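What follows is one structure encoded as structure tokens, with my remarks underneath.
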Amino acid sequence: MVRYVSSSYSSTFIKATSFEELRQVLATRKWPSDFIIPDRLQSVTVIGGGAVEWNGHKVALACMKDGRHGLWLFVIEKSALSDAPKTETPQVKEVESMLTAAWSQDGNAYLFTVQGDEAFLRKFLPSTSS
């Protein structure tokens, strides 16, 4: 997924200016739209998203920005991943030189990545994080 946002993904891009608009477009395409947006992401600018297929599973993608920084939130059914995160507390790690956080909540697995340092990433994570 990190590789996906590091490359051009214009063919699957959905234009949207809010999480609600993105959810509506995803739902009309029969893509997952019942995901939870962390409260701390409510202040960012939504620029769109994507309906991505990965290993035969549907992945919802929200694309955002905060200033000049890109932010991406991927959501997939937790059952689609053999090594899905086991906790609602985000686990931060670097993947291909981008910081990511992964967690599970209400049957979904979440992967969040940003253009920025760890302090920038953590300011948007769900409040269950330490």
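Just to be sure I understand the model, the point goes 7 Å from the Cα along the line to the Cβ. What's the resulting V25 to F120 distance in nm?
Between V25 and F120, the label points sit 2.4 nm apart.
Whole number please: convex hull volume per residue of the Cα set in region 25-127, in Å³?
It comes to 104 Å³ per residue, whole-number rounded.
Sum up the lysine pairs in the chain that clear both bars: alpha-carbon distance under 23 Å and a spacing of 8 or more or different chains.
Going through the chain pair by pair, I get 13.
If each of Q91 and D34 carries a label point 7 Å out from its Cα toward its Cβ, how far apart are those two points in nm?
So the two model labels end up 2.5 nm from each other.
Place a label point 7 angstrom from the Cα of K65 along the Cα-to-Cβ direction, then list the residues of region 20-52 whose backbone nitrogen is under 19 Å away.
Residues 20-22, 41-50 qualify, since their backbone N sits under 19 Å from the label point.
Please give the length that would be gained between A84 and S43 if that part of the chain were fully extended, namely 0.36 nm times their separation in residues minus their C-alpha to C-alpha distance (nm, one decimal).
12.0 nm
What part of the accessible area of the chain, given as a whole %, is carbon or sulfur when the probe is 1.4 angstrom?
On the way: 3300 of 7050 Å².
About 47 percent, which is the carbon plus sulfur part of the accessible surface.
The values are calculated or read from the model by the stated rules, or taken from the named source; none is laboratory data. Since the structure is predicted, the reported quantities are computational estimates derived from the model, not experimental observations. Cβ coordinates were reconstructed from backbone atoms using ideal geometry, including for glycine residues, and neighbour counts include every protein chain displayed. When the accessible area is computed, the model is the full protein with side chains, heavy atoms only, and any ligands, DNA or RNA have been set aside. Shrake-Rupley method; radii C 1.70, N 1.55, O 1.52, S 1.80 Å.
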